[in-house]
Amino acid sequence: MVKKIFKIAGLAFLFILAAGVSAYLTLTLIIKSEDTVIVPDLVGKDVVYALEFLTDLELNTKVKGSEYSEDIPKNNVTFQDPAAGAEIKKGRDVRIIISKGPIRISMPNLMTLSLHQARLILEESGVCQDELSRTFSEGMEKDHVIAQVPSAGSMINRGTCVNLLISLGSRPGAYKMPNLNGLALDEAMLSIEKANLTIGEIKSSYIKNRPKNIIVNQEPMSGYRVTAGSMIHLVINRKTSIKGRPDKYSQKSGSLFRYRLNNGFLRRRIRVKLNSAGFTNDLFDEFVKPGEEIWLLIPRDEAATVFLFENDKLVKTETYDGW
C-alpha cells in the first residue's frame, strides 16, 4: 500500500514538474516575443527619422555627441551602439553620434601667387586643384595666378577643388619676318636679334653664281608673320667639306676658335654660342680681362656656326663644315 502511494506521489511530482517547465518555457517565449526588438540601421539616416523610428520601437535614444564627417551630411547619424541587427529588449538605450557635416574653411587667397606657391597652400588647406587654364596677361608674371574659383574668402568644404587661371606672361610681339637673303651671316644674326627672334638650324648649300657665305634661303620666308622667340632657320652659300678629308688647318678632334680682347680697363662679358644640328648651346659665358685671349675647341662631327658676343653685342661669327 505504501509503495502504491509513493508511486502515485512520484507521478504527480513529475506531472507538476513537466507542467511547470512547460509553463515557464511558454511564458518565456511570450515575454521574449513581446519585449525584444531588432535594432534598425540608423547610420546615414536623418536624426529626426532615427528618433521617430526608435520611439516607435519603444527604445530610448541617447545622443553621445557630434563629429565632422566628409561623407555623411549634417544632422545625420554617423555612429550607433548597439549595431544594426542586434536584438535588445524594449526600453533599452540606443546611443548615436550626429554628423556636423564636412569641415568648413575660408577659401585661401591665391591671387598673384606663383603656381608652385598656390599648390602648397591648397595642399596645406586640404583643398584640391581641379581645372587649370592659361592665358596671356600684360599685368601678371608668367606662371602666376590671375583668377580662382571659388573666390578668396568664400566658405567651402574641406576637400573642395578649385579652378585656377594661370598667366602665360605678356603676349609675344608679332613681327613681319625680315628679308635676310643676300646678307652675311653676322648681319643676318643682328637682324634676327633685333626682331627678338631665335637662330635655329644653319645649313650649307653652294650656288655657283652667288657670292660665298651669304644667306641664300630662310625659314620662315620674308614677309611672314612671326612672334617673339620664333626660331629662324638659315641656308648659307658655301661648299661643304667631304667627310674624312679635313683641311690642313683642322685637327682630328675639332677646330680651334680663338679671340683676343682689345686692351682697356674694364672686364667685358664674353658669350660664345655654338649652333649645330639645329641646336644652340653656350660654350663660354664669363667676364674676361682686357687683352686676354680665349681658346675654344669646336667639334667638327657636324657643320657648326660660332657666335661671339662682347657685352651682348655680336662681334664675331665663324662657320665650320662637318668632316
Between ALA83, ALA50, which is loosely packed, with under 13 Cβ neighbours inside 10 Å and of a type in the set (A, V, I, L, M)? ALA83
Residue within the range 56-65 that is under 30 Å from CYS161 (Cα atoms) and either free of Cβ contacts under 8 Å to residues at least 24 places away in the same chain or assigned to a strand (DSSP E or B) (or both) present: yes
Mind listing just one residue for me: the one in the range 127-151 that is small (Gly, Ala, Ser) and surrounded by 14 or more Cβ atoms within 10 Å (Cβ to Cβ) and, of those, modelled with the highest pLDDT? ALA147
Which listed residue, of ARG134, ARG158, is basic (Lys, Arg) and in contact with a Gly (Cβ under 9 Å, 6 or more places away or on another chain): ARG158
Considering residues of the range 258-284 that are hydrophobic (A, V, I, L, M, F, W, C) and more than 11 Å from GLU310 (Cβ to Cβ) only, the residue surrounded by the fewest Cβ atoms within 10 Å (Cβ to Cβ): PHE265
Of the residues ASP130, ASP186, which single one is of a type in the set (Asp, Glu) and touching a Cys at 6+ places or on another chain (Cβ under 8 Å)? ASP130
If we take the range 185-241, then strands (runs of 3 or more DSSP E) inside it with 1 or more residues that are in contact with a Pro (Cβ under 9 Å, 6 or more places away or on another chain) and closer than 20 Å to LYS316 by Cα are 231-236
Some residue of the range 16-36 being of a type outside the set (D, E, K, R), at pLDDT below 90 and not in a helix (DSSP H, G or I): yes
Within the range 135-155, is even one residue in a strand (DSSP E or B), under 21 Å from the mean Cα position of the chain (by Cα) and small (Gly, Ala, Ser)? yes
Condition check: surrounded by 15 or more Cβ atoms within 10 Å (Cβ to Cβ) and outside the structural domain of TYR68 (by TED's automatic domain parsing). Does SER154 satisfy that? no
Can you go through PHE287, PHE309 and tell me which one is of a type outside the set (A, V, I, L, M), buried (at least 18 other Cβ atoms within 10 Å of the Cβ) and in contact with a strand residue (DSSP E or B) (Cβ under 6 Å, 6 or more places away or on another chain)? PHE309
Matching strands (runs of 3 or more DSSP E) fully within the range 79-119 where at least 1 residues are over 25 Å from the mean Cα position of the chain (by Cα) and β-branched (Val, Ile, Thr): 87-89, 93-99
Checking PRO172 against (1) assigned to a loop (DSSP other than H, G, I, E, B); (2) more than 30 Å from VAL315 (Cβ to Cβ), only one condition comes out false. Which one? (2)
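The values are calculated or read from the model by the stated rules, or taken from the named source; none is laboratory data. All values derive from a computational prediction rather than experimental measurement. Reconstructed Cβ throughout: ideal geometry from the backbone, glycine too, with neighbour counts over all protein chains shown.
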